[in-house]
Amino acid sequence: MTIQTIANAVLILLVIGWIGVRQMSWRPVALAKMWRSPLIFAVIGVILLAQQVKPAAITPLDLAVVAGELVLSLGVGAWMGAIAHFRRLPQPIATGKDGRDIAVYESRTGALGLVLWVGVVAVRVGLDVLAAQAGSHLASATGIILLVLAANRLSRTAVFAARLDRHAALAA
């Protein structure tokens with residue numbers, strides 16, 4: 001077992017725990033923060049890929065596996081955004097360090113959101129193992145894990161924001 005494998009396992013466990021808690025608890029909706037996280041994950045993922053992977057070493061199998069993982073992650077993220085539950089806060093609250101963002105709603109995806117997230121991780125780990133046995137090295141890169149996470153959070157936030165706009169319009 002390599003240091004990268006151990007680091008990936010620890011990263012996966014931390015992300016599962018972090019997102020799991022967020023799926024199960026009601027949280028004020030701060031769309032600016034929701035867009036920020038996937039962008040940060042994506043930038044870090046691209047930087048790590050640039051450091052870890054030589055472009056000449058990328059094979060068609062690598063590209064196919066990564067594309068499949070990204071499509072799955074985008075789809076499940078959209079599904080998670082579609083199942084999110086909203087409720088109006090008793091009083092709007094300021095979010096963020098500067099307090100400029102005002103949350104009027106809170107949301108959670110609940111147990112189904114957690115199941116979907118664990119499913120994405122399980123499929124990702126399974127594909128990683130199969131791809132490694134088939135000769136793919138890109139699928140196991142830490143940067144890909146972060147890009148898959150970013151894709152999931154990005155599509156979730158996009159669907160979530162669209163639903164929230166419709167929800168707010170209906171409530172008005």
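The values are calculated or read from the model by the stated rules, or taken from the named source; none is laboratory data. This one's a predicted model, so the numbers in the text were calculated from it and none came from an experiment. Note: ideal-geometry Cβ built from the backbone for every residue, glycine included; neighbour counts use all protein chains shown. The accessibility values were calculated without ligands, DNA or RNA, using every heavy atom of the protein model including side chains. Shrake-Rupley method; radii C 1.70, N 1.55, O 1.52, S 1.80 Å.
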Screening Gly110, Gly135, Gly77 for residues that are modelled with pLDDT of 85 or more and closer than 25 Å to Leu63 by Cβ leaves only Gly77
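So which of Val76, Val10, Val104, Val15 is more than 16 Å from Ala151 (Cα to Cα) and not in a strand (DSSP E or B)?
Values: Val76 fails: more than 16 Å from Ala151 (Cα to Cα); Val104 fails: not in a strand (DSSP E or B); Val15 fails: more than 16 Å from Ala151 (Cα to Cα).
Of the residues listed, the single one that is more than 16 Å from Ala151 (Cα to Cα) and not in a strand (DSSP E or B) is Val10.
What do you reckon, is Leu164 surrounded by 15 or more Cβ atoms within 10 Å (Cβ to Cβ) and either outside any helix (DSSP H, G or I) or over 16 Å from the mean Cα position of the chain (by Cα) (or both)? Lay out the reasoning, then the answer.
Working: surrounded by 15 or more Cβ atoms within 10 Å (Cβ to Cβ): yes; either outside any helix (DSSP H, G or I) or over 16 Å from the mean Cα position of the chain (by Cα) (or both): yes.
So Leu164 fits the description; yes.
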Restricting to the range 107-149, give me the number of residues that are out of contact with any Ser or Thr (no Cβ under 9 Å at 6 or more places or on another chain), among the polar types (S, T, N, Q) and either outside any helix (DSSP H, G or I) or buried (at least 21 other Cβ atoms within 10 Å of the Cβ) (or both).
2
Residue pairs meeting the criteria (Cβ under 8 Å; at least 6 apart or on separate chains; first under 24 Å from Leu114 (Cα atoms), in the range 2-18; second open to solvent by 50 Å² or more (accessible area, probe 1.4 Å)):
Ile12/Val125; Ile16/Val118
Just one of (1) farther than 24 Å from Leu130 by Cβ; (2) open to solvent by less than 80 Å² (accessible area, probe 1.4 Å); (3) among the hydrophobic types (A, V, I, L, M, F, W, C); (4) part of a helix (DSSP H, G or I) trips up Leu89, so point out which.
(4)
Could you give every pair whose Cβ atoms fall below 9 Å, whose first residue belongs to the range 133-149 and is on the phi > 0 side of the Ramachandran plot, and whose second residue is modelled with pLDDT of 85 or more and open to solvent by 10 Å² or more (accessible area, probe 1.4 Å), counting only separations of at least 6 or pairs across chains?
Gly135/Thr59; Gly135/Leu61
Which one is most open to solvent (accessible area, probe 1.4 Å) among residues in the range 29-73 that are charged (D, E, K, R), out of contact with any helix residue (DSSP H, G or I) (no Cβ under 6 Å at 6 or more places or on another chain) and assigned to a helix (DSSP H, G or I)?
Arg36
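Within the range 12-22, is even one residue touching a strand residue (DSSP E or B) at 6+ places or on another chain (Cβ under 7 Å) and open to solvent by less than 90 Å² (accessible area, probe 1.4 Å)? Steps first, please.
Quick first cut of the range 12-22, residues touching a strand residue (DSSP E or B) at 6+ places or on another chain (Cβ under 7 Å) only: none.
No, because not a single residue in the range 12-22 is touching a strand residue (DSSP E or B) at 6+ places or on another chain (Cβ under 7 Å) and open to solvent by less than 90 Å² (accessible area, probe 1.4 Å).
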